[in-house]
Amino acid sequence: MTQSHDRPDHSAPFEQRDFASDATLLASLFARSRDCIKVLDLEGNLLFMNEGGRRLMEVTNFEPLRHLPWARLWPEPNPGAMEALAAAQGGSIGRFSMARDSFAGNWRFWDVEVSPLVGQDGSPQRLLAISRDITEHHRAQQALHSLSSEHNHRSKNQMAVVQSIVNQTLRGTYSPDTAKKMIAARLDVLARTYDLLMHSPGERVPMRALVETGTHMLDQRRVSLEGPELVLGPKAALSLALILHELSINAATHGCFSVPHGRIEIVWRLAEMDGEPAIELVFTESGGPAVTHPATRGFGTRLVQGGLSGTASRAWLDFEPGGLRFRLLANLAGAQSDG
């Protein structure tokens with residue numbers, strides 16, 4: 001004896017099913033869905049949007065949207081929406097991703113799938129369009145892409161700086177051992193400054209920490225530092241660290257640090273250059289041997305006299321009898337920028 005069960009026939013085509021007994025369940029599922037679920041006719045006109053989707057799209061009244069062409073809801077040009085619609089009309093599944101503001105004007109990014117709802121003969125009778133809000137995922141991807149591009153850009157810049165240091169050093173008339181030591185020392189201060197940048201908020205390096213990094217090879221007990229709390233951006237920071245390193249090398253080799261009681265004073269302050277705010281830094285040696293002007297102008301001298309890279313600046317290198325004196329004047333905004 002065959003027993004009859006009062007169950008809906010889920011094997012029947014979409015338009016023939018009796019969902020009356022499931023209406024409450026379906027309404028609850030649609031309302032709770034995190035997706036915007038829409039039913040379209042075969043021409044692509046909007047017939048239905050679930051309650052959860054209306055909240056997601058911030059639709060306050062669905063009636064003005066009913067029977068509107070679904071593809072027109074997407075910004076022009078919208079080849080992705082048109083191709084997905086055509087695929088579903090042909091019995092396949094179409095998919096695309098696109099940005100579209102909610103009806104309240106809030107920016108959203110959507111992953112959309114359009115598929116056919118087939119009848120008994122297997123041909124499409126209605127179309128189902130499901131839009132998922134992937135705004136946060138898209139923003140995360142964009143941020144990751146931006147971070148990756150920035151890292152790639154900075155890596156290339158770093159390699160260019162390293163290549164320049166190596167090439168310029170090798171152009172000097174040094175023995176291989178001397179050149180090797182000079183390259184290693186210059187790359188060491190470069191690495192120390194990059195490390196300082198990575199651990200500084202917003203990659204803005206405090207001036208005092210930067211000066212200490214650039215002169216790290218010197219006995220800091222014989223170095224006097226004085227100046228206000230200022231910060232430098234990445235490019236200016238790297239440039240100044242290398243300048244201070246070259247001045248330190250010269251002091252240790254030929255200047256005031258080549259004798260026991262020599263000292264260095266480094267002072268920085270806010271100043272003005274061409275009517276705009278500027279940073280002034282003065283590096284002064286004292287207590288060392290008599291200073292003479294060098295016969296040749298090597299990489300270190302050119303680097304020091306070139307001023308800060310990436311910003312308007314001026315530099316003076318004076319070989320005074322009492323000790324070498326270096327003065328730098330740089331545009332404040334440029335020195336503190338991301339350049």
* Asked: Hey, in the GNM for the chain with a 10 angstrom Cα cutoff, which one of Gly287, Gly233, Gly105 fluctuates hardest?
  -> Gly105
* Structure fact -> Asserting the computed 222 nm helical MRE of the chain (DSSP H runs at least 4 long, -39500 (n - 2.57) per run, divided by residue count, to nearest 500) equals -12000 deg cm²/dmol
* Sorted by accessible area with a 1.4 angstrom probe, largest first, how do Leu244, Leu225 fall? -> Leu225, Leu244
* Ratio of region 107-201's C-alpha Rg to 2.2 N^0.38 Å, to two decimals? -> 2.24
* **Linear extension gain, Thr135 paired with Asp111, 0.36 nm per residue minus alpha-carbon span** => 7.7 nm
* Asked: Just in region 151-235: which GluC sites (Glu not before Pro) are loop by DSSP and have at most 10 other Cβ atoms within 10 Å?
  -> Glu229
* Of the chain, which part is the longest with no trypsin sites (Lys or Arg not before Pro) in a loop (DSSP not H, G, I, E, B) and with at most 13 other C-beta atoms within 10 angstrom? -> 172-296
* Could you state the orientation-averaged shadow area of the convex hull built on the Cα atoms of the chain, in nm² to one decimal? => 30.8 nm²
* If you wrap a convex hull around the C-alpha atoms of region 262-339 and split its volume per residue, what is the figure in Å³? -> 100 Å³
* **Linear extension gain, Glu320 paired with Arg302, 0.36 nm per residue minus alpha-carbon span** => 4.7 nm
* Longest exposed-site-free window of the chain, the sites being chymotrypsin sites (Phe, Trp or Tyr not before Pro) in a DSSP loop that have at most 16 other C-beta atoms within 10 Å -> 175-339
* Asked: Using only the Cα atoms, what convex hull volume per residue in Å³ does region 184-339 have?
  -> 106 Å³
* Compute the distance in nm between two label points, each set 7 Å from the Cα along the Cα-to-Cβ direction, one at Glu83 and one at Arg222. => 7.1 nm
* Fully extended contour minus Cα-Cα distance, from Ala191 to Ser97, at 0.36 nm per residue -> 29.6 nm
* **Met159 paired with Arg208, simple spin-label distance in nm, labels 7 Å along Cα-to-beta-carbon** => 3.9 nm
* Set the Förster radius R0 to 51 Å, insert the Cβ-Cβ distance between His293 and Leu144 as r into 1/(1 + (r/R0)^6), and round the FRET efficiency to 0.05. => 0.45
* Structure fact -> For Lys181, counting only lysines whose alpha-carbon sits under 29 Å away and dropping same-chain residues fewer than eight positions off, the answer is Lys156, Lys235
* Computed label-point distance, nm, for sites Thr60 and Ala271 using a 7 Å Cα→Cβ extension -> 6.2 nm
* Within the set of other residues whose C-beta is less than 12 Å from the C-beta of Val166, count the net charge using Lys and Arg as +1 and Asp and Glu as -1. => +3
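The values are calculated or read from the model by the stated rules, or taken from the named source; none is laboratory data. The model shown is predicted, which means the values in this text are computed figures rather than measured ones. For neighbour counting, all protein chains shown are included, and Cβ atoms are generated from backbone atoms with ideal geometry for every residue, glycine included. Ligands, DNA and RNA are excluded from the accessible area calculation, which covers all protein heavy atoms including side chains. Shrake-Rupley method; radii C 1.70, N 1.55, O 1.52, S 1.80 Å.
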